[in-house]
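The values are calculated or read from the model by the stated rules, or taken from the named source; none is laboratory data. Worth saying up front: this structure is predicted, and the values here are computed from it rather than measured. Backbone-built Cβ (ideal geometry, glycine too); neighbour counts: all protein chains shown.
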Amino acid sequence: MIGKIIGSIIGFNVGSGFFGLLLGLYLGHQYDRSRRTPWTRSKRSSVNKVFVETLFILLGKISKADGRISQDEIDQVENLITGMRMNTQSRLEAIKFFKMGSQSDSSVNEIMTPFISICGNYKGLKNQLLQCLLILALADNDIHAEERLVLNSVAQTLGISKFRLDQLIQMMIAHSQFHHSSGFQPGDRENINEKLSNAYKILGVSESDSEKTIKASYRKLISENHPDKLIGQGMPEDLINMATDKTQKIQSAFELIKSNRNL
């Protein structure tokens, strides 16, 4: 049953692009509730609360890192709040956290202490937090030096290397440019090359990598981003839809590479 629901969500989002995912983050409520792991309501509520609070404070800090908050960044935050279908109280809290972050002199480590305490053992939650921050940082198609310093601190606190952060940035850019459809117009070689290039970046591999390396990276990414697994790790439901779309793009990228290599 859950596969059909996931498929319907994916179909709803096809063609919207990775940044458009923010508009559908709260559609995770469409998942089959019977498939949830036996987390208590209190624990799930605590995870959701600390995730949202940490996310918006860090969003504010990153937005103001270069000295000003751009209109693109404001739009991305507004899209996130709207997409999460927050009620009036939750919306005001999110804006409050964002403003706190933009005015805060606290270190990233201090801001993230509650998150690490509650969510630090769950790799999926840490990956999703960083990816949400990267979406905002890339809102104006560039990551400024000051923003990168904040992202470096976040990655370090999460136990993610600078090399891996660089790789994630390239993967996120590729996700934003990649569409699910694997079809091409006849003779459109430039389109094929561009799409293949993005497909390799989505998997975090290069065209020179072996079939074994590509398959291993694909399986790892599917495992890390699979919605069922993330639910089991305590992922807030409002973020499951983003993971669902990402999983679909990973699958599409792998299928495109397989087709091109005649695997």
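Please state which one of I118, I111 is among the β-branched types (V, I, T), at pLDDT 95 or above and farther than 23 Å from T82 by Cα. Quick ask: steps written out before the conclusion?
Values: I118 fails: at pLDDT 95 or above.
None of the others qualify; the one that does is I111.
From the list I160, I143, pick out the single residue that is within 19 Å of G67 (Cβ to Cβ), part of a loop (DSSP other than H, G, I, E, B) and out of contact with any strand residue (DSSP E or B) (no Cβ under 9 Å at 6 or more places or on another chain).
Working: I160 fails: within 19 Å of G67 (Cβ to Cβ).
Of I160, I143, the one residue that is within 19 Å of G67 (Cβ to Cβ), part of a loop (DSSP other than H, G, I, E, B) and out of contact with any strand residue (DSSP E or B) (no Cβ under 9 Å at 6 or more places or on another chain) is I143.
Select from region 94-112 the residues that are assigned to a helix (DSSP H, G or I) and surrounded by fewer than 16 Cβ atoms within 10 Å (Cβ to Cβ) and list them in ascending order. Even if it seems obvious, please write down each step before you answer.
Restricting attention to region 94-112, the residues satisfying the condition of being assigned to a helix (DSSP H, G or I) are 94-103, 108-112.
Once the filter is applied, which keeps residues that are assigned to a helix (DSSP H, G or I) and surrounded by fewer than 16 Cβ atoms within 10 Å (Cβ to Cβ), region 94-112 yields K96, K99, Q103, N109, E110.
Please verify whether region 67-83 includes one or more residues that are in contact (Cβ under 8 Å) with a residue 40 or more places away in the chain, in contact with an Asp or Glu (Cβ under 6 Å, 6 or more places away or on another chain) and of a type in the set (V, I, T). Full working, then the answer.
Applying the first criterion (in contact (Cβ under 8 Å) with a residue 40 or more places away in the chain) to region 67-83 yields 67, 70, 72-73, 75-77, 79-80, 82-83.
Applying the additional criterion that residues be in contact with an Asp or Glu (Cβ under 6 Å, 6 or more places away or on another chain) yields 70, 72.
Restricting the remaining residues to those that are of a type in the set (V, I, T) gives none.
No, because not a single residue in region 67-83 is in contact (Cβ under 8 Å) with a residue 40 or more places away in the chain, in contact with an Asp or Glu (Cβ under 6 Å, 6 or more places away or on another chain) and of a type in the set (V, I, T).
Okay, residues lined up against (1) loosely packed, with under 13 Cβ neighbours inside 10 Å; (2) outside any helix (DSSP H, G or I); (3) at pLDDT 75 or above:
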{"residue": "Y26", "(1), (2), (3)": "no, no, no"}
{"residue": "H29", "(1), (2), (3)": "yes, no, no"}
{"residue": "T37", "(1), (2), (3)": "yes, yes, no"}
{"residue": "V47", "(1), (2), (3)": "no, no, yes"}
{"residue": "V50", "(1), (2), (3)": "no, no, yes"}
{"residue": "K61", "(1), (2), (3)": "no, no, yes"}
